[in-house]
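A.B. asks: If you scroll down you'll find the structure; I have some questions about it.
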Amino acid sequence: MTAGVPEPPVANSVRVTALQEAQLAAIVQSVKLAIITVDETQTIVSFNREAEAMFRCHAAQAIGGPLERFIPTRARAAHWRHMVDFAQASANSVRAMDGDRIVTGLRADGEEFPVDAVISCTECSGRVFYTAILRDVTQRTRIQEKMRFQSDIIDSSSDAIVSRRADGAILSWNRAAARMFGYEPEAVLGRDVSLLYSATVPSDQIGLGDRAMRGEAIIKRQTRRQRKDGSEVDVEVTISPVKRSDGSVAGVSAIYRDITERLRMEAELHHLLRVHRRAEAQARESQDRLRELSFALQTIREEEKARIARELHDELGQVLTALKMDVAAIEAELNLNPGSARESLVKRIDGMKQLIDTTVASVRRIAADLRPVMLDNLGLVPTLEWLIQTFTERSGIPVDLDIPDENLGVGGDAATAIFRIVQEALTNVSRHSGADHVGVEVLRRGGNVVARIVDNGGGFSEADTRKARAFGLLGMLERAHVLGGDLVVSSSAAEGTRIEAVIPAFGTGQREAS
């Protein structure tokens, strides 16, 4: 070596190259990405620590082995085709594969997982090597799948779902929003949400989004929005603030539900309710008029019965009495002037007297049935006593009459109604019940008079009340109602029939609470 002339820096160059290789090896081992290098036969020649963790396999077990052990069986053929195409395109240069490629990796324990792979091809000493830089994207894929699923849910919703930024710009727009408002997503994304505001919407409705930006949730508020063609749609909107992880509001999400049909049905329902109320009012009015008519008819019928009873008693009864007196006079005259025909005439006269007596009794009975004179002259209690006595004589059914206070203080329409209800109840007992005992109780309870008729007969069913004989029950019920009272009927085969009438003691009006 010549003095003063430095040696060639060969050793220095070797040391630098070794240092660079050491640094590169350290980088490869420390980087948080799996790096695998294979030769042209797809045999692994390099396998860093991150690759060991990713594939759960030590480098010593991986190096020298085939790459396909880390590729699922179903994907190996496609991998080989891809590598052939890639090698042909990169035969004379070092280049990276265009773009990212998501492939499926296979861990040593058999678990498959998604991998984001970038591959480069390098030639060295006449040999070709392929280096793959891999990232496990399992978590990212799950997040993406979750986001796609959530997006599908939003898109499949029948309600329009729209989100906006703080400045009002529309961020998302699902298919239902496109159907409801007429805008396709590309026509509204980025535009201000105010394009949906209808001119008829009150100002407090327009500011709902601003309230949500302040953190307030607005639930099911009815308002109106405008479509693309300018028409308006009635909607029910729920607006919620979209918050970041730190609690600050990033934007607003709004769910719109078209309530046009619901409002139409509600309007129709309100209309039907109004019609129904009018019909009910008309029915009540008609019912009141019918009751007034029924009361008037009952009054007229009672007056007519009283008139007929008076005429039967006063006129026909007097004529029959006079006829009986004439027959008696003829009989007396025959007794004074005996003759050959005397015996025959006396027999005929006796027959006439018996017929007259029978006719007088019938007239009295008919008159009493039409309208007992004693009801007007003596009052309700004596008339009921006479009615029950007569009933027992005709039917043979004993009746216990219980009137705790004989001075009931009941007259007029109320007395007539009580008498007729008891009379009709006893008639039903004799005709239909098969009872052998009846109890009748009449008492005063506050401003009302109460009549109870109880028999021990066979009772009747609900179906029986729809038969013709039930007109008697309906008549009793109507008599009570037209006076502002009530009538309750209960019946069973085991306990017989019980009828209770509660009627204001002084005629029409609301009965007092018992």
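A.B. asks: Can you pull the accessible area of Leu195 for me, 1.4 Å probe, Å² to the nearest 10?
C.D. replies: 30 Å²
A.B. asks: Subtracting the Cα-Cα distance from 0.36 nm times the residue separation, let me have the gained length for Ala494 to Glu266 in nm, one decimal.
C.D. replies: The Ala494-Glu266 span can extend by a further 77.0 nm.
A.B. asks: Which value, in Å², gives the accessible area per residue of segment 224-263 when a 1.4 Å probe is used on the protein heavy atoms?
C.D. replies: About 53 Å² of surface per residue is accessible.
A.B. asks: Working with all protein chains in place, sort His58, His432, His481 by solvent-accessible area computed with a 1.4 Å probe, largest first.
C.D. replies: Heavy-atom accessible area, descending, gives His58, His432, His481.
A.B. asks: I need the Debye-formula profile for segment 105-185: one equal scatterer per C-alpha, no solvent, reported as log10 I(q)/I(0) at q = 0.19 1/Å, two decimals.
C.D. replies: Taken in order of the listed q values, log10 I(q)/I(0) reads -0.90.
A.B. asks: Can you compute the FRET efficiency between Arg191 and Ser286 using 1/(1 + (r/R0)^6), with r the Cβ-Cβ distance and R0 = 51 Å? Round to the nearest 0.05.
C.D. replies: Calculated value: 0.25.
A.B. asks: A follow-up question, please. About its Cα centre, how strong a charge dipole does segment 205-251 have in debye, to the nearest 20, once Lys and Arg get +1 and Asp and Glu get -1 at the Cβ?
C.D. replies: The dipole magnitude comes to about 60 debye.
The values are calculated or read from the model by the stated rules, or taken from the named source; none is laboratory data. Keep in mind it's a predicted model, so treat the numbers as computed, not measured. No Cβ is skipped: glycine too gets one built from the backbone with ideal geometry, and neighbour counts run over all protein chains shown. The area values use the complete protein model at the heavy-atom level, side chains included, leaving out ligands, DNA and RNA. Shrake-Rupley method; radii C 1.70, N 1.55, O 1.52, S 1.80 Å.
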